[in-house]
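All remarks here apply to the structure that follows.
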Amino acid sequence: MLNQVIFSGLAMGGIYALVALGYVFVWNTMSVVNFAAGEFVTFAAFVFVATFVTQLDWPYGLAAIGAMAVMAMLGAAFARVVFARLQSQRVLVAIIATVGFGIFLKELARIIWGPEPILYTGGFSADMLQVGDVRVGKQQLLILAVVVAVTVLQHYFFTRTMAGKVMRAVALDRDTAALMGIPVQTVLARTFAYASVLSALAGILLAPRFFVTTEMGTMVGLKGFVAMIIGGFGSVPGAILGGVLLGVVENLAAFGISSTYKDAIAFALLLVFLVVRPEGILPERTADRA
C-alpha cells in the first residue's frame, strides 16, 4: 500500500515538475514569475477535452498535439503583445500582468465552455497494471514517461542546437545578445511559448485523473511555484527534483495524516525550506535575483 502511495506521489510530482520548469524558463529568460501558469494548465485541459476530444472527436494523441499548439500560440502572443510593451516598466508590473492574464484565461474558459465540470474518461484513465504488489495506473506511467522525455529532449535542445544556445544567451544577458544581432523579442516569445506548452502538458495529463474545471489549475500552478522554490529558484534540475519531492511528501503525509490537509502540507513544506534552506536543494548561481 505504501509503495502505491509513493508511486502516485511520483506521478503527481511529475505534474508539479512540468509547471515548475515553465516558471524556471520564464524567470531565467525574462526575470519574471509567470503567475498565469496555473490558468494555462486549466485552459489547456479545456481545449484538449472540451474542444478537440469532445467536439471535434480527435484521437488522444492528435488532440494533445493540437492543445499544445494552441497554448504555444497563446503564450507567444502574450509575450509579443503584452510583455514586449512592459519591459521598460518595473518587474512588478509584468508580474501583475501575468496575474491579470491568468484571470482572463480562467474567465474566458468559463465563458466558452461553461462553469460545469467535465469528466474525461479517455486516454489511460481507467487502465491499471499489476507490478508486484502495487497496482499502477497507465496514466501515472505516462506522466512519468513524459517528464523523463521532456527532460532528455530539452537537455539536448539547450546544449546541442543553435536555437537552444541562442535562448541560453538571451537568458544570460539580454542586452549583449541584442547587440550580437539576436532577435531578442522573438526568443522571448519562443520561451513563453515553450513554458505554455509545459503547462499544457500538465493540463492534458491531469485531465483524465480529475474533473476538468475552471479551478483545476490554480492550486497546481501554486504548487509548481512551491516546487521551484524548494528545488532552487531558477534551477532546471532543482525544479524537477522539487516537483517530485513535493508530490511524494504531500501524498505520504495525506496517507499518514489526512487527505484534508494535503494542500496545507505542501505549503508547510515550503515554510520548512524557507527557514532551513531558503536557497533550495539545487540552487542556481543566479538565484539571488529573486
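The values are calculated or read from the model by the stated rules, or taken from the named source; none is laboratory data. Just so it is clear, the model here is predicted, and its values are computed rather than measured. A quick note on method: Cβ atoms are made from the backbone with ideal geometry, for glycine too, and the neighbour counts reach across all protein chains shown. The area values use the complete protein model at the heavy-atom level, side chains included, leaving out ligands, DNA and RNA. Shrake-Rupley method; radii C 1.70, N 1.55, O 1.52, S 1.80 Å.
Springs join every pair of Cα atoms under 10 Å in this Gaussian network model of the chain, and among 43, 255, 233 the largest mean-square fluctuation is at 255. Once you divide the Cα radius of gyration of segment 213-290 by 2.2 N^0.38 Å, the number left is 1.10.
For residue 223, the lysines whose Cα falls under 19 Å of its own Cα, not counting residues fewer than eight places away in the same chain, are 106, 262.
Per-residue ellipticity at 222 nm computed for the chain from its helices equals -23500 deg cm²/dmol, with DSSP H segments shorter than 4 residues left out and the rest contributing -39,500 (n - 2.57).
Normalised by the number of residues in segment 184-260, what is the relative contact order in percent for Cα pairs under 8 Å and 6+ residues apart? Before the final figure, lay out the partial values.
Details: 32 pairs, mean separation 10.7, N = 77.
Relative contact order here is 14 percent.
Accessible surface calculations at 1.4 Å, restricted to protein heavy atoms, place segment 15-99 at 37 Å² per residue. Please find, in a Gaussian network model of the chain (springs between Cα atoms separated by less than 10 Å), the residue of 122, 13, 75 whose mean-square fluctuation is greatest. Sorting by GNM fluctuation, first place goes to 122.
In terms of its C-alpha gyration tensor, segment 1-131 has an oblate overall shape, because the principal axis ratio a/c (a ≥ b ≥ c, square roots of the eigenvalues) is not below 1.5 and a/b does not outweigh b/c. Percent of Cα pairs in the chain per distance bin of 10 Å, from zero to the largest separation: 7, 28, 36, 22, 6, 1. Placing one equal scatterer on every Cα of segment 71-162 and applying the Debye formula, the log10 ratio I(q)/I(0) at q = 0.13, 0.25 Å⁻¹ is -0.84, -1.12. I want to make sure I understand the PRE zone here: with the label point 7 angstrom from the Cα of residue 258 toward its beta carbon, which residues in segment 1-38 have backbone N atoms less than 14 Å away? The answer is none, because no backbone nitrogen lies closer than 14 Å to the label point. Between the residues 35, 93, 53, the greatest Cα displacement towards the positive end of the dipole of the chain, with unit charges on the Cβ of Lys, Arg, Asp and Glu, is found for 93. Count Lys and Arg as plus one, Asp and Glu as minus one, and take only other residues whose Cβ is under 14 Å from that of residue 12; the net charge is then +1. Annotation: aspartates and glutamates with alpha-carbon distance below 15 angstrom to residue 165 (same-chain offsets under eight excluded): 173.
Which whole-number value in Å³ per residue fits the convex hull of the alpha carbons of segment 159-264? All intermediate terms of the calculation are to be shown ahead of the outcome.
Working: hull volume 13.7 nm³, N = 106.
Considering the Cα atoms of segment 159-264, their hull volume per residue is 129 Å³.
Relative contact order of segment 118-249: 21 percent, from C-alpha pairs under 8 Å at least 6 residues apart in sequence. Taking trypsin sites (Lys or Arg not before Pro) across segment 18-127, the ones in a DSSP loop with at most 16 further Cβ atoms lying within 10 angstrom of their Cβ are 90. For residue 136, the residues whose amide H sits under 5 Å from its own are 129, 130, 131, ignoring neighbours fewer than 5 places away on the same chain, with H placed 1.01 Å from N. What a 1.4 Å probe finds exposed on the chain is 68% carbon and sulfur by accessible area, rounded to a whole percent.
Please compute the per residue accessible area over segment 184-290 with all protein chains in place, 1.4 Å probe, rounded to a whole number of Å².
Details: 4440 Å² over 107 residues.
About 41 Å² of surface per residue is accessible.
GNM on the chain, alpha-carbon springs under 10 angstrom: the most fluctuating residue among 24, 276, 184 is 276.
For segment 122-181, the solvent-accessible area works out to 63 Å² per residue, with a probe of 1.4 Å and every protein chain left in place. Only Cα pairs under 8 Å and 6+ residues apart enter the sum, and on that basis the relative contact order of the chain stands at 37 percent. Here the 3J(HN,Hα) profile of segment 227-243, calculated from phi with Karplus coefficients 6.51, -1.76 and 1.60 at θ = phi - 60°, is 4, 5, 5, 5, x, x, 4, x, 9, 5, x, x, 4, 5, 5, x, x Hz, Gly and Pro shown as x.
Taking amide H as placed 1.01 Å from N in the peptide plane, residue 32 has its amide H under 5 Å from the amide H of 27, each at least 5 places away in sequence or on another chain.
Sparsely packed loop sites in segment 220-290 (the trypsin sites (Lys or Arg not before Pro) outside DSSP H, G, I, E and B with at most 12 other Cβ atoms within 10 Å) comprise 285. A crude spin-label estimate for the pair residue 110 and residue 267, with each label 7 Å from Cα along the Cβ direction, gives 2.1 nm.
Give, as a single signed number, the net charge of other residues whose beta carbon lies under 12 Å from the beta carbon of residue 263, with Lys and Arg counted +1 and Asp and Glu -1. Net of charged neighbours comes to +1.
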